[in-house]
Amino acid sequence: MQLATDRLILRELVEGDAPRIHEIEAMPSVWRYLSKFPETEDEAAEYVRGILVEATDVPRLVFDFAVTVRGNDRLIGRCGMKRGDSEPRDAMVWYVLDPAHHGHGYASEAARALLDFAFGELRLHRAYADVDPRNPASVRVCERLGMRKEAHHVENVCIRGEWCDSLIYAMLRREWEAK
């Protein structure tokens, strides 16, 4: 399965993506905003293998796509969602890009394609993002998508020994369809 935009292809991950995922997500400017990241290439490979197994689940609850620029299959990031186990019409979305590709609108474009799929083909009711408030670029992506801020949780998660806040941005299918 793949999703396409004018500039991007979001394709299924393959085992060969693991080193690149590790390379991107081990960058300090990236991992500082991730609650969990592959600390080694072996952990990245294990993650990808797990995603490949989850891709065969029925119903499929996890979608994690490699983000590539059209005409070049090199992974520049990931964009995905996890539907709720008890409520599969609700999903948390995410996006992670190589900082070398920031500032081009790729995260918004990839997330928009993901939400089109989520609300269109999957008929999800709600999608949300859990954003670190210290990451203004990620906040801007949510705002560009038309998501609304639902919550600001204070020191609700401990990441690598530091208590961190979370912003919850969300959107309902009817809001997506109205824009």
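Okay, here's what the table says:
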read-out: Proxy reagent accessibility, fewest Cβ within 10 Å first, across 108, 86, 29; value: 86, 29, 108
read-out: Anchor residue 179: lysines whose Cα lies under 29 Å away (excluding residues fewer than 8 positions away in-chain); value: 82, 149
read-out: Distance between the range 117-133 and the range 69-94 - C-alpha centres, whole angstrom; value: 10 Å
read-out: Compactness index (Cα Rg / 2.2 N^0.38 Å), the chain; value: 0.98
read-out: Taking the chain and dividing mean pair separation by its residue count, relative contact order in percent (alpha carbons under 8 Å, at least six apart); value: 17 percent
read-out: Neighbour-limited loop hits for GluC sites (Glu not before Pro), the range 39-97 (at most 13 other Cβ within 10 Å; DSSP other than H, G, I, E, B); value: 39
read-out: Amide H partners (placed H, <5 Å) of residue 5, local residues excluded; value: 10
read-out: Charged-residue dipole, Cβ positions (Lys, Arg, Asp, Glu), the chain about Cα centre, Debye nearest 20; value: 780 debye
read-out: Ratio Rg/Rh, restricted to the range 92-173 and using Cα atoms, in which Rh is the Kirkwood radius; value: 0.99
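Quick note: the coordinates plus some simple rules give every number you see, no bench work behind them. Remember, it's a predicted structure, so these values are computed and weren't measured experimentally. Please note: Cβ atoms are built from the backbone with ideal geometry, for glycine as well, and neighbour counts cover all protein chains shown.
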